[in-house]
Every structure is written in C-alpha cells, then in structure tokens.
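Step one of this worksheet: look at the structure below.
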Amino acid sequence: MASEETSSLTRRGFVGAGAALGACAVGAGITGCSSAKSEKKDEKKEEKVSAKDSLKIFVGAEPKDGFDPLTTYWGTNGMYSLFQSRLLAFNKEGKPVPDLAESYKMSDDGLTYTYKLKKGIKFSDGTPFTADDVVFSYLTIRDNGAGHIDFKALADAKALDESTVEFKLKKRDSSFVARTAKLCIVPKKGYDAQNYRIKPVGTGPFKLVQYDKGQQLIIAPNEYYYGTKSTFKRITLVFLNGEAALAHAQSGTMDVVMVQPEYTKEKVEGMHLVKFPTIDTRGFNLPTFAPKEVDGKERGNAVTADRAVRLALNIGISRSELIQSSINGIGTPHTALLHKLPWANPQSEFKDGRVEEAKKILEDAGWKLNAQGVREKDGKPCEFNITGRSDDMQRYDIAVGLSEQAKKLGIRINAKAVPWKQGREQARIIPTCWGTGDYDPSGDIIGYYGSKGAIN
C-alpha cells in the first residue's frame with residue numbers, strides 16, 4: 001500500500017497529488033501571484049473584485065452530482081467543505097472536535113447521544129440554524145438510502161429544544177461520533193433535493209455566487225459564518241481535465257493548481273511546489289480464489305489464487321522504489337489500508353523488496369522459470385492483467401510500476417488503463433488500483449460491503 005501526498009502549484013505557491021502500492025500518499029500543488037490574465041472581470045458578476053482580493057484555483061474534476069451532502073459524497077470527510085458544516089469536525093490528528101455542536105455526551109448503555117448546539121448560528125441566507133435542521137438532515141439521509149454515510153443504526157433523532165438534539169440508536173455503534181463529523185447539515189425550511197444540489201445554502205465558510213456547470217464555481221465568504229472568514233472576496237474554482245493543469249499554471253491564469261505527480265518536477269515561473277500529507281492510500285486487490293461462478297457472475301483469478309504468488313509480490317515489491325518510479329516520490333510507503341488515524345493499528349516493522357526470498361517462495365511452490373524468463377506451473381504461466389484508471393494517470397502509472405518490478409520475480413503483469421466503472425466491476429477477476437481513505441472507521445466497510453460499495 002502507499003499513502004498519498006497531495007501536491008499543488010501555488011503562485012501566492014506549486015501543488016500536485018500522488019500515491020503508490022502499499023504506501024502513504026502525499027499531495028502537492030502550485031501557487032503564485034495573479035497575472036493580468038486572472039484579473040479579467042466576470043461579466044456576470046456586478047461587484048468589482050480586484051486581483052489581490054480574488055483567487056483562481058484549478059481543482060480538476062467537477063462534483064458529479066452537485067453540492068447536496070444528503071444525496072451525494074459532497075462534504076464527506078471534508079471534501080471541499082465550502083457551503084455546509086457539521087456537528088463535529090476532524091482536526092489535523094483525525095480526532096472529532098466541536099463545530100456546529102459545542103459538546104456531546106453518550107448514555108451509559110451507548111444507545112443515546114445528546115448534542116448541545118452553538119447558539120446564534122445562521123445559514124448563508126440569514127435564516128437561523130436550529131436543532132430541527134439537524135434532525136431533518138439525519139433522518140433524511142437515513143431514509144433516502146444514499147449509502148455514502150451509513151445511518152441505518154439510527155432509530156430516531158429529535159429536537160429537545162432549539163439547541164439540543166437527541167439521537168437514539170438501535171444498537172451500539174462505536175463509530176457514530178465519527179459519522180457526526182462527516183454529515184453536513186442542510187436547512188429544513190425550503191429544502192428540495194433537485195434544486196438544492198445546484199443552489200446550496202449552508203452554515204459553512206462560503207456561499208455560492210455563480211455555478212457554470214462543466215466550467216467553474218465562483219464562491220464568496222459567507223458573512224454569517226461563525227468561524228474564521230476567508231480574506232479573499234472571491235474564489236473561482238475551475239473544472240478542467242488533469243492534462244490542462246500544468247498548461248494553465250505556465251500561462252499564469254491560475255493562482256493554485258492541483259497537479260498530478262508526473263508534473264511535480266516541472267518548473268513554473270513565479271510558482272512553487274507545496275506538498276502536504278493526506279490519509280489517501282493506493283493499493284491493488286489480489287483475488288484469493290480460483291475462477292468460479294458466483295451468483296451468475298465469474299469471480300476469481302487462476303494466478304493470484306495461489307498464495308505463493310500473493311506472498312511473493314507482497315514481500316518482493318519495493319514500495320519506496322515504486323513511489324519513486326511511478327509518482328515522482330510523492331508518497332510514503334505503507335503496509336496498512338488505513339493509517340495515521342487515532343483508531344488505526346500502528347505500522348508494523350515490515351520489510352519489502354526481498355527479491356531473493358520472494359523468488360524462493362515461488363520456486364518452492366512449483367513456479368519455475370521458462371526460456372522467456374516467466375515462471376510456469378503445470379504448463380500455466382505466472383501471468384495476469386491489472387488495471388489503473390484511464391481518468392487518473394497516477395493509478396495507471398502505479399500499475400505500470402508494479403508490472404515492471406514484478407519482472408524481477410518472474411511474474412508477468414500486464415498493466416492496462418480502463419474507465420473506473422470497468423475496473424471496479426472487473427476487480428474480482430482482474431486486480432485494479434484502489435484509492436481509499438476515511439476518517440470514519442466504518443467508511444471502508446461501507447466501501448466494500450455497502451449498497452454503493454466499490455467491490456460489492
């Protein structure tokens with residue numbers, strides 16, 4: 001596994017993103033000062049905003065289904081967190097801390113949670129935030145089966161008064177508090193899912209000024225926000241494909257650009273690279289059983305079903321080399337799915353890159369080298385396909401890097417780039433590069449086994 005670092009180019013700094021097999025990823029970006037090109041006034045906006053008071057950010061992919069946290073992944077785990085806020089929030093150590101709520105307590109039997117809300121908070125349209133909005137948000141997501149946050153254990157939620165909410169659970173749930181740091185709150189009054197996803201109102205730090213679908217999102221500070229307000233009067237988030245990021249950084253039209261790892265060694269005048277750690281992890285699944293039909297669908301992989309092959313890859317591959325060769329070193333080697341969180345298991349003292357030991361495991365299991373340098377067993381080559389996302393170059397690059405290292409073991413892995421839907425659907429037959437990371441310990445369980453699960 002590899003945990004990812006995010007990187008970005010920034011003109012006011014340079015930022016990018018990366019990951020690797022069994023490693024921690026780190027991010028980066030590019031930032032810098034606005035050029036004359038970024039000072040062009042938006043003709044749809046009447047208020048004039050100077051270049052020094054505005055910020056233009058390349059953010060890559062557009063949110064697929066809008067900005068409603070009750071029906072989409074928007075806001076989950078702090079994703080953007082522009083328009084709404086939560087009862088609790090995760091701090092940089094991954095621990096829940098007060099946000100809309102000032103405190104909470106749990107009953108002795110673990111079935112009742114009572115949250116006291118901060119008073120005087122307003123939504124971005126000026127209407128008061130109350131306990132009724134919390135109750136509405138929680139019962140709505142529980143009942144609409146959105147699947148991205150699991151509240152099936154929630155028996156009921158009710159407002160004891162305007163600033164007190166009581167949650168009743170059907171059974172004890174140790175991750176309930178963490179989930180209350182994930183779900184963003186929407187206003188009960190006037191909420192309509194179809195309209196809200198493009199015209200969000202919330203208690204978060206920003207309000208929506210303009211949304212040009214497929215192009216950009218313009219936001220401004222929410223004057224009613226209860227926390228620290230942005231010093232920028234306007235921020236434009238631009239939606240473009242990843243290949244265009246570097247070109248925009250070089251042209252001077254962006255102040256901050258999130259860039260892929262393959263671009264992090266590029267020099268951009270007036271910008272510098274910034275890297276920061278994330279909890280994102282990249283890794284490959286290896287089907288553990290031989291091909292068979294399950295519920296009318298083909299499952300399993302004849303080569304990875306052999307434990308010797310899986311073990312040889314696990315100890316024979318060098319995660320640090322993989323990070324260097326595939327994603328320009330923007331990542332940290334890791335052997336656990338989840339890491340750096342209060343509830344995660346500590347990193348074990350695991351040594352990889354043990355090529356000779358991996359070869360012996362394969363030899364002892366009957367996998368012998370043929371004239372082409374590929375191992376065979378009972379006439380069957382030690383060869384299989386793996387996939388990376390065609391819309392995410394880092395995952396494909398990691399797949400290629402893994403295939404190159406596997407050659408040293410006598411294993412032939414064919415890396416292919418496919419659309420994510422195809423890679424996900426074929427994952428029980430063809431290993432694919434996964435990306436995961438969740439502050440909530442139940443998040444990855446939902447990913448594997450939930451109704452919207454990636455592997456399910």
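Within segment 195-206, how many residues are open to solvent by 40 Å² or more (accessible area, probe 1.4 Å) and over 23 Å from the mean Cα position of the chain (by Cα)? I'd like the intermediate steps shown before the answer.
The initial filter retains those residues of segment 195-206 that are open to solvent by 40 Å² or more (accessible area, probe 1.4 Å), namely 195, 197-199.
Those left that are additionally over 23 Å from the mean Cα position of the chain (by Cα): 195, 199.
So the answer is 2.
Which is open to solvent by less than 20 Å² (accessible area, probe 1.4 Å) and part of a helix (DSSP H, G or I), of ALA220, ALA178? If you could, list the steps in order and put the result at the bottom.
On the way: ALA220 fails: part of a helix (DSSP H, G or I).
Criteria check complete, one pass: ALA178.
Any residue in segment 185-194 that is within 23 Å of VAL134 (Cα to Cα), open to solvent by less than 50 Å² (accessible area, probe 1.4 Å) and in contact with a strand residue (DSSP E or B) (Cβ under 8 Å, 6 or more places away or on another chain)?
So far as segment 185-194 goes, yes, one or more of its residues are within 23 Å of VAL134 (Cα to Cα), open to solvent by less than 50 Å² (accessible area, probe 1.4 Å) and in contact with a strand residue (DSSP E or B) (Cβ under 8 Å, 6 or more places away or on another chain).
Among (1) open to solvent by 10 Å² or more (accessible area, probe 1.4 Å); (2) closer than 23 Å to SER175 by Cα, which single condition is VAL59 missing?
Every listed condition holds for VAL59 apart from (2).
Looking at (1) of a type outside the set (Phe, Trp, Tyr); (2) open to solvent by 20 Å² or more (accessible area, probe 1.4 Å); (3) part of a loop (DSSP other than H, G, I, E, B); (4) over 19 Å from LYS380 (Cβ atoms), which one does ALA290 not meet, given that it meets all the others?
Just one mismatch for ALA290, condition (4).
If a residue must be open to solvent by 50 Å² or more (accessible area, probe 1.4 Å), in contact with a helix residue (DSSP H, G or I) (Cβ under 8 Å, 6 or more places away or on another chain) and in a helix (DSSP H, G or I), how many such residues does segment 383-396 contain?
1
Just one of the numbered conditions (1) at pLDDT 95 or above; (2) under 23 Å from LYS171 (Cα atoms) is not true of PRO96; which one?
Among (1) at pLDDT 95 or above; (2) under 23 Å from LYS171 (Cα atoms), PRO96 violates only (1).
So, in segment 377-433, of the ones that are out of contact with any Phe, Trp or Tyr (no Cβ under 9 Å at 6 or more places or on another chain) and hydroxyl-bearing (Ser, Thr, Tyr), which residue ends up modelled with the lowest pLDDT?
Per the criteria, the residue is TYR396.
Identify, please: which residue in segment 226-283 is under 30 Å from LEU337 (Cβ atoms) and in a loop (DSSP other than H, G, I, E, B) and is, among those, least open to solvent (accessible area, probe 1.4 Å)?
THR264
Can you tell me which of LYS351, LYS368, LYS380, LYS360 is touching a Lys or Arg at 6+ places or on another chain (Cβ under 8 Å), over 21 Å from PRO277 (Cα atoms), of a type in the set (Lys, Arg) and exposed (fewer than 14 other Cβ atoms within 10 Å of the Cβ)?
Values: LYS351 fails: touching a Lys or Arg at 6+ places or on another chain (Cβ under 8 Å); LYS380 fails: touching a Lys or Arg at 6+ places or on another chain (Cβ under 8 Å); LYS360 fails: touching a Lys or Arg at 6+ places or on another chain (Cβ under 8 Å).
So the residue among LYS351, LYS368, LYS380, LYS360 that is touching a Lys or Arg at 6+ places or on another chain (Cβ under 8 Å), over 21 Å from PRO277 (Cα atoms), of a type in the set (Lys, Arg) and exposed (fewer than 14 other Cβ atoms within 10 Å of the Cβ) is LYS368.
From ALA406, ALA344, ALA358, ALA399, which residue is part of a loop (DSSP other than H, G, I, E, B) and either of a type in the set (A, V, I, L, M) or touching a Cys at 6+ places or on another chain (Cβ under 9 Å) (or both)? Can you show your working first?
Working: ALA406 fails: part of a loop (DSSP other than H, G, I, E, B); ALA358 fails: part of a loop (DSSP other than H, G, I, E, B); ALA399 fails: part of a loop (DSSP other than H, G, I, E, B).
Checking each option against the conditions leaves just ALA344.
Just the residues that are outside any helix (DSSP H, G or I) and hydroxyl-bearing (Ser, Thr, Tyr), please, taken from segment 317-333.
At the first step, the residues of segment 317-333 found to be outside any helix (DSSP H, G or I) are 317-318, 328-333.
Listed by number, the residues that qualify are SER318, THR332.
What number of residues within segment 316-332 are open to solvent by 10 Å² or more (accessible area, probe 1.4 Å), modelled with pLDDT of 95 or more and touching a Lys or Arg at 6+ places or on another chain (Cβ under 8 Å)?
Count: 0.
The values are calculated or read from the model by the stated rules, or taken from the named source; none is laboratory data. No experiment lies behind these values; they were computed from the predicted model shown. When we count neighbours, we look across all protein chains shown, and the Cβ atoms used for this are built from the backbone with ideal geometry, even at glycine. What goes into the accessible areas is simple: the full protein's heavy atoms, side chains included, and nothing from ligands, DNA or RNA. Shrake-Rupley method; radii C 1.70, N 1.55, O 1.52, S 1.80 Å.
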